[in-house]
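The values are calculated or read from the model by the stated rules, or taken from the named source; none is laboratory data. Every value quoted in this text rests on a predicted model; they were computed, and no experiment measured them. Heads up, the Cβs are rebuilt from the backbone with ideal geometry, glycines too, and the neighbour counts pull from every protein chain shown. Surface areas here come from the heavy atoms of the whole protein model, side chains and all, with no ligands, DNA or RNA. Shrake-Rupley method; radii C 1.70, N 1.55, O 1.52, S 1.80 Å.
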Amino acid sequence: MSTVEEKLALLPLEPGCYLMKNKQGEIIYVGKAKRLKQRVSSYFTGAHDHKTTRMVAQIDDFDIIITSTEKESLILEINLIKEHRPRFNILFMDDKSYPYLRLPREGEPLVTVSRDRKQNPKFQYFGPYPDATAARNMASILNDSMPVGFEYLPNTQAIYSQFNRTKPEYTVEQLASWRTNVVKILNGNVKEFRDALNEKMLEASANTQFELAQQYKDKLGALDYISDRQQVQFTLNEHFDMFHYSYYQGFIAIVGLFVRGGRLLERSMAVEACLEEPMDAFVSFIAQFYQNQPIPKQVYIPMEVETEGLSELLETSVLHAQRGKKRSLMDIALKNAENQLEDQFSLLRERQVFKDEALKDLSTILGFDGMIHRIEVFDNSHISGNFAVSACVVYDDGEPNKSLYRRYRLHQGNDDVASMTEVLYRRYYRMIKEDGIFPDLILVDGGKGQLGAAIEILRDFDLQIPVCGLVKDDRHRTHALLLESGEQIDVDKHSPLFSLLVQMQDEVHRYVIAYHRGLRKKAMTKSILDEVKGLGKVRQKLLYKEFGTLKKMTEASVEELAKVIPLESAQDLYDLLHIDWEDSAHATN
């Protein structure tokens, strides 16, 4: 018997986790099971949907970890997914958290956007707000319209800094009134506030101050986003989260609804291909979601999902909505999930077929025995030999795997072939040293020179990895593959393979250019400020504290700069910032 067959025969009936591995030893999927023997064996018997079939075809080995309880297996599964980020798992944990609005309990009640995992007792929190831009706009509205007794004054903080004046002090009574009104607005009582903003918008429009009127209109839009998306009303002291899901033919949609202060905020979470049982995927999602979110006192889930394991894991009340408004809200969550899945199902299916056809064509062209799964793509960038950089992007089964992207600062200047040699040497030397996972195919963005450099490095390391060059036309677009033999294979511009190759070329180019621009910007900023006599690190920090950016410094007058640094240094900085750099560059060439 093979290793897999031997292990299948010895599987226990206890709960636990299983880790599926490919022939390179890479963990490609992590799952949990009440009975390991039944669940793991099911992958190797019977018919499966498309994605499960593709995953099973890559399994070369598996490991199991037995746990005492289902709760332990759930916790272990989440930790394993977070550690290994397997390509076939639904990865809900993207190190993002949803924003809250935060209000200090003492001092000036200035509202800030927060993504704190643990809430600071010195602040009150409102949210989460699904749209981060709307949350920032809401904070800006409240901070730009100090509601002291509902007399809307300009935000003095920015204005007084601009003119270097002392910010006025507020009485305890004014601050208390301000805070009370901010809390009232954040809890959804916005009518008076909205009426005042609307009146100012109409006033500005009547005075032909159309730009100002547009600003008020934008503020009203952000305010409406926060306050007007209510379908069900609860009492003001109710705070809870609610989740539901819909599943169809290998895809799952999960929707979360958040109620804060009795008002509903909706968040559509995810539509993903799903290899495991839908209920297991749903529970896994909730467990992963709260890795990066504050946990409310109550979480509601569908009746068919057990509450006990999640309640223990999250250490909060996980409940079923059995009647009344909460049951109605659960029905809304289900309907949203069904609609979302219906809207995206055909698109997701077409996308899956597109990727599979592209990889199948590529595998056939290159004579692969089986399907190509992992592709690494390289590109270089420099300006006249300066800031030479390279980047590698990784695609797994036609999807970008951004956690594996890498950027390199090079030593080779303007020699593209030498740059390709350096980056490939550094990447695969380290991969050999660390026993990493090698790709099935390497693509280099360049012609015969770069391809030759790649072939030579792989030969030196005795690595049997196919490599191809991406050949561009006169419009700098990929149109052919350059094989190791020197043969050029034209790609049909209407084929899925062409679209995938162009997508990969655009992605690696975007990634390397973003790195290159970042280095140039950092170097330019550093060199300009360092060139001013008497402008050390302390004074540079004062400038950034006052003006924020180099652009703002450029817009400032000598007098404004001199309020922060000595007049002589201010004059030198002003002169330096206002040199016509383009003309200067032409003069030196």
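Could you give me D for the stretch 267-426, from Stokes-Einstein at 4 °C and 1.567 mPa s, where the hydrodynamic radius is the Kirkwood radius over C-alpha pairs? Units µm² s⁻¹, please. Result for D is 64 µm²/s.
For LYS433, the lysines whose Cα falls under 23 Å of its own Cα, not counting residues fewer than eight places away in the same chain, are LYS21, LYS23, LYS402. For ARG35 and THR364, a Förster radius of 41 Å and the Cβ-Cβ distance give a FRET efficiency of 0.50, rounded to the nearest 0.05. For GLU487, the solvent-accessible surface with a 1.4 Å probe is about 100 Å², rounded to the nearest 10.
Taking a straight line from the alpha carbon of LYS297, these lysines sit under 16 Å away, with near neighbours fewer than eight places off in the same chain left out: LYS118, LYS326. Other residues lying with their Cβ under 13 Å from the Cβ of PHE378 contribute a combined charge of -2, Lys and Arg counting +1, Asp and Glu -1. If I ignore ligands, DNA and RNA and count only protein heavy atoms, how much of HIS84 is accessible to a 1.4 Å probe, in Å² to the nearest 10? Counting only protein heavy atoms, the figure is 70 Å².
Between SER42 and LYS552, the simple spin-label model (points 7 angstrom out along Cα→Cβ) gives 5.7 nm.
Between the beta carbons of TYR248 and LEU13, assuming R0 = 30 Å, the FRET efficiency works out to 0.45 to the nearest 0.05. Here the simple spin-label model places points 7 Å from the Cα toward Cβ, and for LEU175 and GLN214 these points are separated by 3.8 nm. Along the axis of the charge dipole computed for the stretch 328-422 (Cβ charges of +1 for Lys and Arg, -1 for Asp and Glu, origin at the Cα centre), the listed residues GLY367, LEU404, VAL353 are led at the positive end by LEU404.
Only lysines eight or more places from LYS552 in sequence, or on another chain, were considered; those with a Cα closer than 28 Å are LYS167, LYS217, LYS219, LYS521, LYS522, LYS526, LYS533, LYS537, LYS541, LYS563.
When the surface is traced with a 1.4 Å probe over the full set of protein chains, PHE210 keeps roughly 130 Å² accessible. The VAL538 and ASN292 beta-carbon pair, evaluated with R₀ = 51 Å, returns a calculated FRET efficiency of approximately 0.90.
Inter-label distance, LYS448 to GLU312: 6.8 nm, where each label sits 7 Å from its Cα along the C-beta direction.
Shown for the stretch 271-363: the carbon plus sulfur share of the solvent-accessible area, taken with all protein chains present and a 1.4 angstrom probe, equals 44%.
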